[in-house]
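Enquirer: Quick one: the structure is below, questions incoming.
The values are calculated or read from the model by the stated rules, or taken from the named source; none is laboratory data. From a predicted model like this one, the values you see are computed outputs, not experimental measurements. We place every Cβ from the backbone using ideal geometry, glycine too, and count neighbours over all the protein chains shown. What goes into the accessible areas is simple: the full protein's heavy atoms, side chains included, and nothing from ligands, DNA or RNA. Shrake-Rupley method; radii C 1.70, N 1.55, O 1.52, S 1.80 Å.
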Amino acid sequence: MKKVLVIGGGAAGMFAAISAAEEGHEVHLFEKNEKCGKKLYITGKGRCNLTNACEMEALFNNVCSNSKFLYSSFYGFTNQDAIAFFEENGTKTKVERGERVFPLSDHSSDVIGALTRRMRALGVQVHLNIEAKEILTEEGRVTGLLFSDGTKETGDAVILATGGLSYPSTGSTGDGYRFAEKLGHKITELSPALVPMNVKEEDCRRLQGLSLKNVRVSLSAGKKCFYEDFGEMMFTHFGVTGPLILSASSQVPKKFRGQELTLSIDLKPALSPEQLDDRLLRDFSKEKNKQFKNVLGGLFPSKLIPVMVERSGIEPEKQVNAIEKTERLQFVEKIKNFRLTVTGFRDYNEAIITRGGVCVKEVNPSTMESKLVSGLFFAGEILDLDALTGGFNLQIAWSTAYAAGKGI
């Protein structure tokens, strides 16, 4: 039996503590906040998309950085294993569109509750309101921790699960990167990932709060398209957000991130241009004596109608029976290609995760142990691993934490 010290009480930290305790080790978890799971609590707007129920191939395909590194850990603790863990620990789950897995209650607190109960049952000692300052080593081996109040704790192994820089209000302030760097680890370039986008057009401010479901979005620079997918998004006072937008933000290559990009929204992806034109003709013929601005209620949410009327180039008061074919076809094109100019991305305060981190070449992919310092293990977002939205980043946390706990 070894004495294991876990730094960080987030998803990866709690699960690493559980994994190590299941092996019979004495486990101490240190969290600088007043409670564990602060970031988990706000994940998925408080619903916590805890994993994705897709096939294994899709799991790897949704990882943006270093997916091959995850081969061993993903198969060691799969998405189905994650679902089973929560079910067995009192949190019933459900699968929604896109194979996203949520607690049946829609409350992230149930996910935290399952982890907390399991830690308690295994005798994990949780220490709150205590901040690690340094990982102590001797002759290339971990010996314990030094805390900001000057106290020390000896240990045989340390699991570093401090997260990234995203949502600093939850305690993610990059401490782990400093600890790892001081011990000789390379930290790859850090940037906010899965972030909302700033948009030039004033239309977004007018549409603030409007969610669009079942739209197709593409993001490009000139003829170079980085991302295209189907799903949901939302307009904000600064631009756009939502699952499609967040995933798109992680697909933009570094060299394009300072440029203006084009976001194209197909508002009616289920209809071809010809089918959409037929639909317009039918709507117009039913209400042929009405003004153009008053016949679009069946096509768009009310908030979107004034914006679409403006973009159409058709006079709002024009009677629909006087609208010419060329005007109608131009309107079809505007519906299929609602264009916005992306001027940049939001910062760490709104980023779901951090891209970059501890270089995975310096970490054993089977055990998550450092190749440079014996007894030092990593779990979760601190590693240079990130994925698209849909529960994939939490699966990385569970799988790497499991590997770290079992690797001691």
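Enquirer: Along the positive direction of the dipole of the chain (beta-carbon charges: Lys, Arg +1; Asp, Glu -1; about the Cα centre), which of Gln259, Leu122, Phe147 reaches farthest?
Expert: Highest projection toward the positive end goes to Gln259.
Enquirer: The list (1) 0.97; (2) 1.08; (3) 0.95 gives values of Rg/Rh (Cα atoms, Kirkwood Rh), and only one came from this structure; which label was calculated from it?
Expert: Comparing each candidate, only (2) matches the computed number.
Enquirer: Which of the residue pairs Lys303/Lys334; Lys268/Lys303; Lys213/Lys325; Lys182/Lys361 have a Cα-Cα distance greater than 19 Å in the structure shown?
Expert: From Lys303/Lys334; Lys268/Lys303; Lys213/Lys325; Lys182/Lys361, over 19 Å: Lys213/Lys325.
Enquirer: Rounded if a/c is under 1.5, else prolate if a/b is larger than b/c, else oblate: which is the range 346-400, with a ≥ b ≥ c the root eigenvalues of its Cα gyration tensor?
Expert: Prolate, since a/c reaches 1.5 and a/b exceeds b/c.
Enquirer: Pick out, in residue order, every one of the GluC sites (Glu not before Pro) in the range 182-255 that is DSSP loop and has at most 12 other C-beta atoms within 10 Å; say none if there are none.
Expert: Here the sparse-neighbourhood loop sites are Glu189, Glu202.
Enquirer: Per 10 Å bin from zero, what fraction in whole % of the C-alpha pairs of the range 11-60 is there, up to the bin with the longest pair?
Expert: 21, 34, 35, 10
Enquirer: For the chain, modelled as a Gaussian network with Cα springs under 10 Å, which listed residue fluctuates most, Ser302, Ser67, Ser218?
Expert: Of Ser302, Ser67, Ser218, the most mobile in the Gaussian network model is Ser302.
Enquirer: Sticking with this structure for a sec: Which residue fluctuates most in the GNM of the chain (Cα springs below 10 Å): His237, His25, His185?
Expert: Evaluated over the chain, the most mobile residue of the options is His237.
Enquirer: So, one more: Kindly write out, for the range 8-14 in residue order, the coupling ³J(HN,Hα) from the Karplus curve 6.51 cos²θ - 1.76 cosθ + 1.60 (θ = phi - 60°), rounded to whole Hz, with x marking Gly and Pro.
Expert: x, x, x, 4, 5, x, 5
Enquirer: Okay, next question. I'd like to check one number: the per residue accessible area of the chain, probe 1.4 Å, reported in Å² as a whole number.
Expert: Normalised by residue count, the accessible surface of the chain is 44 Å².
Enquirer: Quick one: with all protein chains in place, what share of the accessible area of the chain is carbon or sulfur, to the nearest percent (1.4 Å probe)?
Expert: Heavy-atom surface of the chain belonging to carbon and sulfur, 1.4 Å probe: 48 percent.
Enquirer: Oh, and also: Among the trypsin sites (Lys or Arg not before Pro) within the range 49-155, which fall in a DSSP loop and have no more than 14 other Cβ atoms within 10 Å of their own Cβ?
Expert: Lys92
Enquirer: Here's another thing I want to ask about it. Among the listed pairs Lys2/Lys45; Lys200/Lys254; Lys68/Lys152; Lys223/Lys288; Lys38/Lys255, give every one whose C-alpha distance is greater than 31 Å.
Expert: Distance filter (> 31 Å) returns Lys2/Lys45; Lys68/Lys152; Lys223/Lys288; Lys38/Lys255.
Enquirer: Where Lys and Arg each count +1 and Asp and Glu each count -1, what net charge lies around Lys94 among other residues with Cβ under 12 Å from its Cβ?
Expert: It works out to a net charge of -1.
Enquirer: Expressed as an acute angle from 0 to 90° and rounded to the nearest 10, what is the orientation of the C-alpha long axis of helix 325-336 relative to the principal long axis of the chain?
Expert: 10 degrees
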